[in-house]
Every structure is written in C-alpha cells, then in structure tokens.
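Just so it is clear, none of the values below were taken in a lab; they were calculated from the coordinates. Because the structure is predicted, anything quoted here is derived from the model rather than measured. Here Cβ is always computed from backbone atoms with ideal geometry, including for glycine, and neighbour counts include all displayed protein chains.
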Amino acid sequence: MEYTTLGDTGMEVSRLCLGCMSFGSSDWREWVLDEAESHEIIDRAIDLGINFFDTANVYSNGESERVLGSALEGRRDEAVVATKGYFQMNEDDPNSGGLSRKAIEQELENSLERLGMDTIDLYQIHRWDYDTPIETTLSALDDAVRRGTVRYVGASSMWAHQFADALHASERLGLERFVTMQNHYNLVYREEEREMLPLCQKEGIGMIP
C-alpha cells in the first residue's frame, strides 16, 4: 500500500480510502451489505494496509457508522476515520439536517455515539447549505475542533467559488479551515480539472474523489 499526507495536515493516509456507503443494512438500499459481510471487507482492507475509512451519517441511516465503529474496535488508533453530516436524518425533525449550529452539534454527537469514538479524524460537510451562512457553519465546526471531538474539517460536493468563499471566510475570521475536498471526479466526469483541482492544489487541500 502507498501512503500520502492528507493535504497539509501531516496525517498519513493510504492512497486508497475505503468508502463505507455499502455497509449497514439492505433495508436502506438493496445493494448494502449486512454487518458480517461488511466486517469481512473492512478486515481485508486493513490486512492490505488501508487505514483510511470514509462514511456518513446518512449511509443506511447511521448503520454504516455503527458497523464501521464496531469493525474498528480495539484498533481505532491505527485508523483515520472520516464521516459527514448535512442530510436530514429524521423526517419529523427539520433540524436533524442542514449545517446550522444546532444541526452540526446534535448530528456530530450522534455520529460519535454510533462510531463509538471520542474523536472523528475528519468531519465533512456533505453538501453546501444555501440556507445557512458559511460563517455560522465554520464557527460551529471550529468549536468542535477546539472541543476535541473533531481533528480536521473537510467539505464535499460544491462549486469552486463556494469552496473559495469558505476558505476566505475561515482566513478572515480566524476559524478552522477545510483541509479536504471530496468531490465528484472520475475518468468520465472531469469538470473539476477546470477550477476545483487548481484551487485545491494552490491551497494545499487534500483531494478525496
């Protein structure tokens, strides 16, 4: 396995990250694997040198986080764990989604409980929230880093101008800045090469396509 630093964090991760969207419960999507099958894949990934795992609270409605946490029990320190928040988790609770301070704080706490961890290595915003000022979101994320419940913060799936606005707001307000971008980028869809990739390269942002 090859390893690299994640952006400018100095944190070493395997170049291959194991995405955990297919772990949890087939009640969510028919192609999702149950816990035993998920553990087999996670164990094999660790055997092959993968130390980077990416999940989200919305995957299997939280089951993916729980399965990953249980698979990493007893070997948490060797792993770099990333999860995300944004999508509404409870249809009866509008504040269980979005990137308001309330949503971030309560959904981060829920993710930590499901993962069985005190700290998440990389906490990412899953989408851009058009209803919440980015300064509010960044302030809540900055507080999470200061509390020690999150080590680094990252972003996902947005336009380059939005990401640039977020980086500028962090610099202007002295808040924790995004260190990663998890975006839609592959051999078929290469639009990110126009603006997002050069921006990330210039700013020392780690790419998690």
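Miscellaneous remarks
- Among the residues of this structure, L175 does not count as one that is in a helix (DSSP H, G or I), surrounded by 11 or more Cβ atoms within 10 Å (Cβ to Cβ) and not β-branched (V, I, T).
- Any hit, the range 87-102, residues being crowded, with 17+ Cβ neighbours inside 10 Å and either on the phi > 0 side of the Ramachandran plot or assigned to a strand (DSSP E or B) (or both): yes
- Close contacts from the range 66-81, counting a first residue that is at positive phi and a second that is in a helix (DSSP H, G or I) and surrounded by 15 or more Cβ atoms within 10 Å (Cβ to Cβ), with Cβ to Cβ under 8 Å and a gap of 6+ residues or different chains, come to none at all.
- Tally of residues being part of a loop (DSSP other than H, G, I, E, B) and either among the basic types (K, R) or over 21 Å from S14 (Cβ atoms) (or both) across the range 28-57: 7
- For the range 136-148, the criterion of a residue being of a type in the set (A, V, I, L, M, F, W, C), crowded, with 21+ Cβ neighbours inside 10 Å, free of Cβ contacts under 8 Å to residues at least 40 places away in the same chain and part of a helix (DSSP H, G or I) is satisfied by at least one position.
- Failed item in (1) in contact (Cβ under 8 Å) with a residue 60 or more places away in the chain; (2) of a type in the set (D, E); (3) surrounded by 22 or more Cβ atoms within 10 Å (Cβ to Cβ), with D8 passing the rest: (3)
- Count of residues meeting criterion [without any contact (Cβ under 8 Å) to a residue 40 or more places away in the chain, under 23 Å from T83 (Cα atoms) and not acidic (D, E)] in the range 179-198: 7
- Flag if N57 is surrounded by fewer than 23 Cβ atoms within 10 Å (Cβ to Cβ), touching a residue at least 12 places away in the same chain (Cβ under 8 Å), closer than 20 Å to M21 by Cβ and not hydrophobic (A, V, I, L, M, F, W, C): no
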